[in-house]
Amino acid sequence: MGDPDKEWDFYLRTLSSSARDSNLASDPASDPSLLNSVRKLCQLCKAENSEDLVARVYPHFNKLFQRSVASLPQSKSSYGLLLLDIIQFFLDFGEIVLHDADPSLRSFFRSCLSREFADLSVAEATLHFLNVNKKRLLASFPALLPQFFPLLLKLIAWNGEKLLNSFLKVFPELISPASFLPLFPSLVDLPMLVVALERVERSSGSLIGSSIASIQNTTAPEMLLALMDEAYTGSTIGDGGAGSESEDINAIDSADPLFLELLKDENDGLAERHRTSPSMAAALQAAVNVPQTDRLKQSLKIGPALLDMYCALAIRNVNDSLICALIPLIMARNDVLFPDKNYSYQVHKRLLEFMLASFQRSPNVIALLKKPIMDRLGEAYDSSAKTELALQLCWAIGEHGGGGASHKDAARELFENLELLLYENLSSSRLGLRESALGSDSENLRKSSQSRLLCFVVTAIAKLATHHHELLPRARVSLGKVARSRISDVRVWRRARDYLGLIDDPAISLSVLGPSQGHMQKPGTVNWRDGGTKMIAHIPFYLLGEQEGSPFHDFSFSDIFPRT
C-alpha cells in the first residue's frame, strides 16, 4: 500500500487535469483513466472515513457529473458506469456534503440510461446499483423507480434472461399506487416492446448512444395535429391515402400512438393503451411470419415470470380499490395479446388465476364490478378467449354469492344476466363462431363449448340461489326449463335436474353448493370430508350415479364416497 496522501493527490490531479484539458472537458468519459480515479477516490473516502477528505473530493465529482450529463447528447462514449459511481458517492456521503441525490438520479435515468440501456455492462451495473441501494432508494426516493419503470423494462426486454434474476430482485420496488395500473399493460406487452425496439434498431442503427425518447420529442407536434384533426374531422390517426403505406415492412410510423407508448421512458399514469395501430399490427404480423429472434423468444419467457411476481405482490399488498380498477383492464386485455400461442396461453392462465384469487380475497369486488362482469358475460359468444373468461366469471359469481349476503341487489342483477345467458343458449345453437364458417370439427367444438358454458351457468344459478334464498323461485323456473329441454348433451339437463332436487333441501344445498371455505358450519349441513369415518344423515339420494325417478333408500356409502 502506498502513502494515502499521495494517492489522494494523484487521483485528484487526474480529475483536475481532465477538467482543464479542452479535448476531455467536452467529453470526459473519453479519458479511460477517469473512471478508475473516481472509483479509487470513492474507496479511499470509505476507508479513511474522513469528512475533510470527502469535502475535498465532492466539488470535483459534482463538476464532473454536470460536465458528463451536458456532454451526453454529442458524445459517443459510454457514461453509465462513471455516473453510477459518482451517484454512489452522492448517496454514501450526501449528508456530509449536503447533496440531494434525487436530481442526480433523475438526470442519470433521463440523460444516460435512456441512451445506454442496450449496453449490457451498463444494464448490469444499473441493476446492481439499484439492488445494493434498494432500501435507501425506497426510504428516500420512493417515487423514483415507479416513475421510470418503462425505462427499466427496456433493460430486461433488450438484454434478456441473463439479467432476469437481478431484475426480479428490484421488481417489487417498481410497484406503487401510481405505477400499479400502468405497469400491467407494459408487462403484458413485453414481447411487443422487443419487436418495437428491434424495428428501431433495423431502421436507425444501434440503440446504444441514441435516445429513443427523441423520437417522441420530434413527433410530438405531428401527434398533436393528428389528434386535433381526429377531434374535428373524425379521421383517425394514421389514416392516409392509398399510396401512404410504407414499402419497408421494417418501418414503423414514428407517430404511431402505440409505438410511442411502448417506447416511452417514464410512467405517464395512463393504464389504457391505443389498440388501433396499423403499423404496429403490421410489425407484429411480420414478427410472427418470420423466425423469432433470440431476444423475442426470451421475452416470451420473461413476460409470464414478471406477471407471476406482479400478481403475487398485488394479492398480498394492493388494496381493493386498485384491484377493482385492474380487473376491468384484465378483462379488456384477455384476448388482446401478443400473437404467440404458448405465450397467450401462459398469460391467459395467469390473468384468470389472478382474477379468481382477487375474488377469493375480497368477494365484495364482484358486486362492485357487476357492470363490467355483466358486459363480459354478454360477450361470451365472440371468441374462445371471451368464452373462457365468461366461464370463470360464472364460477366466481356462484362461488361467492354475487359478492356476499350484503349485496342482494347486485346478486339479483347478476342472476338476471345468468338467466339471459341461459335462455339465449337454450334457444340458439350459436356460440362464438358463425355457422356459415363451420365444418364438422368446428361444429363439435361449438357444441362442446356450449355445453360447458351451460353447465357453468346452471351451476352458478343454483349456487347464487343457495346464497340468496329470495332467488330460489326464479332458480327453480330456470333449472326446470333446462331439465325439461332434453338438449343433446345429457350432462346439462341432468345437472339441472340434480340441482332442482338439491335446492329443495337447504341444509344439503348449502353443504354442496355453498362456498368451499370461509363459512360457518350450520346445523344439519354435511361436512363431506368426514364421510369416510362418520355416519352422515340427509344424504342426497338423487346424486347417486344412474338412478332415475324417485330416490331409492337401498344404497351403500361406497356409491357416494370413493374407496381410499
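Worth a mention:
- Residue in region 425-437 that is open to solvent by 20 Å² or more (accessible area, probe 1.4 Å) and modelled with pLDDT of 85 or more present: no
- Odd one out for Leu137, checked against (1) surrounded by 18 or more Cβ atoms within 10 Å (Cβ to Cβ); (2) within 20 Å of Ser299 (Cα to Cα): (2)
- Unmet requirement for Pro291, which otherwise passes all of (1) surrounded by fewer than 20 Cβ atoms within 10 Å (Cβ to Cβ); (2) modelled with pLDDT under 95; (3) part of a helix (DSSP H, G or I): (3)
- Any hit, region 325-342, residues being more than 21 Å from Asp375 (Cα to Cα), buried (at least 18 other Cβ atoms within 10 Å of the Cβ) and out of contact with any Ser or Thr (no Cβ under 9 Å at 6 or more places or on another chain): yes
- Residues that are part of a helix (DSSP H, G or I), among the aliphatic types (A, V, I, L, M) and open to solvent by 10 Å² or more (accessible area, probe 1.4 Å) within region 118-132 comprise Leu120, Ala125, Val132, listed in sequence order.
Results for (1) part of a helix (DSSP H, G or I); (2) open to solvent by 60 Å² or more (accessible area, probe 1.4 Å); (3) farther than 20 Å from Gln392 by Cα; (4) in contact with an Asp or Glu (Cβ under 7 Å, 6 or more places away or on another chain), shown as yes or no for each residue.
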position: Ala460; (1), (2), (3), (4): yes, no, no, no
position: Leu472; (1), (2), (3), (4): yes, no, yes, no
position: Ser478; (1), (2), (3), (4): yes, no, yes, yes
position: Ala483; (1), (2), (3), (4): yes, no, yes, no
position: Trp493; (1), (2), (3), (4): yes, no, yes, no
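- The set of residues in region 318-346 being in a helix (DSSP H, G or I) and in contact (Cβ under 8 Å) with a residue 60 or more places away in the chain consists of Leu322, Ala325, Leu326, Leu329, Ile330, Arg333, Tyr343.
- Per-region count, region 380-398, residues at pLDDT 90 or above and not aliphatic (A, V, I, L, M): 7
- Test: residue in region 300-312 that is outside any loop (DSSP other than H, G, I, E, B), over 15 Å from Pro191 (Cβ atoms) and either of a type in the set (Val, Ile, Thr) or modelled with pLDDT under 95 (or both): no
- Candidate set: region 495-525, residues that are modelled with pLDDT under 50 and within 22 Å of Ala475 (Cβ to Cβ); chosen: the one most open to solvent (accessible area, probe 1.4 Å): Lys522
- Subset of region 95-117 (residues that are touching a Gly at 6+ places or on another chain (Cβ under 9 Å) and open to solvent by 10 Å² or more (accessible area, probe 1.4 Å)): Asp100, Arg115
The values are calculated or read from the model by the stated rules, or taken from the named source; none is laboratory data. Remember, it's a predicted structure, so these values are computed and weren't measured experimentally. Reconstructed Cβ throughout: ideal geometry from the backbone, glycine too, with neighbour counts over all protein chains shown. Keep in mind that these areas ignore ligands, DNA and RNA; they rest on the heavy atoms of the full protein, side chains included. Shrake-Rupley method; radii C 1.70, N 1.55, O 1.52, S 1.80 Å.
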